[in-house]
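Student: Dropping a structure here in structure tokens format, bear with me for questions.
The values are calculated or read from the model by the stated rules, or taken from the named source; none is laboratory data. On a predicted model such as this, the values are computed, not experimentally measured, just so you know. Glycine gets a Cβ as well: all are built from the backbone with ideal geometry, and neighbour counts include every protein chain shown. The protein model used for the area step is the full one, side chains on, heavy atoms only, and it has no ligands, DNA or RNA in it. Shrake-Rupley method; radii C 1.70, N 1.55, O 1.52, S 1.80 Å.
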Amino acid sequence: MKFFLDTADIGEIEEAASWGVLAGVTTNPTLYAKIGGRLSDFHAHIKRICEICDGPVSAETVSLDREGIVREGEELAAIAPNVVVKVPVMPEGLAATKTLAERGIAVNMTLCFTVPQALMAARAGARYVSPFVGRFDDISEDGLEHLGNIVAALRNYVFEHEVEVIAASIRHNQHVVAAALMGADIATVPFAVLQKLVKHPLTDRGLEAFLADWERVKNA
């Protein structure tokens, strides 16, 4: 499984990149607003992220009609070679994805919740399909079951292009573990979750014991 960081925070992206585990970044309007982003700075901000992370960087369109989505998508793709255009699953989004894919622009189809949505996204030309896990949990449904169904369904078919499943809306470690075991290609996680993934109390306890024993060696 590859790890993407779900953030627009430059500091978080730089830190994750320094660990050697960062394969990509996903952003959206909510994440950009969270860091106090301004519209006039948006393209420059995405460019900076692309300079830090040489993997796919998803930047989202906000238009609701196919012409607007395509126009925004082409503008975003021109920022850097590794920009992936994020488009929501809907009829206009599917039509725009078809056009963008035909023009050689990679699309991450987002807000995907069902198997039919995922299959249509892939057929339309999406390079990445992003099923949301945590938002199902928010309404007391099993988000992991839906993710597993999407992974299994997409594996049943051969598409004309590579399609990878991004487990999105990840809330905690077990979401990541389950997504990895069911074969999701990517997990896009908040930085707080990425930090927790590397931690375990037995690791901390073992490190403390090693350091204590080394102190005894030094003082013997």
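Student: Any residue that is part of a loop (DSSP other than H, G, I, E, B) and either in contact (Cβ under 8 Å) with a residue 24 or more places away in the chain or open to solvent by 30 Å² or more (accessible area, probe 1.4 Å) (or both) - is there at least one of those in the range 66-77?
Tutor: Among the residues of the range 66-77, not one is part of a loop (DSSP other than H, G, I, E, B) and either in contact (Cβ under 8 Å) with a residue 24 or more places away in the chain or open to solvent by 30 Å² or more (accessible area, probe 1.4 Å) (or both), which makes the answer no.
Student: So F3 clears everything in (1) hydrophobic (A, V, I, L, M, F, W, C); (2) more than 14 Å from A126 (Cβ to Cβ); (3) in a helix (DSSP H, G or I) except one condition, right? Which one?
Tutor: (3)
Yes/no matrix, rows are residues, columns are (1) open to solvent by 30 Å² or more (accessible area, probe 1.4 Å); (2) in contact (Cβ under 8 Å) with a residue 12 or more places away in the chain; (3) over 21 Å from T7 (Cβ atoms):
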position	(1), (2), (3)
S58	no, yes, no
T61	no, yes, no
G104	yes, no, yes
L111	yes, yes, no
P116	yes, no, yes
A126	no, yes, yes
P131	no, yes, no
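Student: Filter the range 181-197 down to the residues that are in a loop (DSSP other than H, G, I, E, B) and in contact (Cβ under 8 Å) with a residue 40 or more places away in the chain, then identify the one that is surrounded by the most Cβ atoms within 10 Å (Cβ to Cβ).
Tutor: Ranking the candidates gives A184 first.
Student: Let me ask something else. Given the criterion farther than 30 Å from D9 by Cβ and not aliphatic (A, V, I, L, M), identify the matching residue among P131, P116, P190.
Tutor: Only one candidate passes the filter, namely P116.
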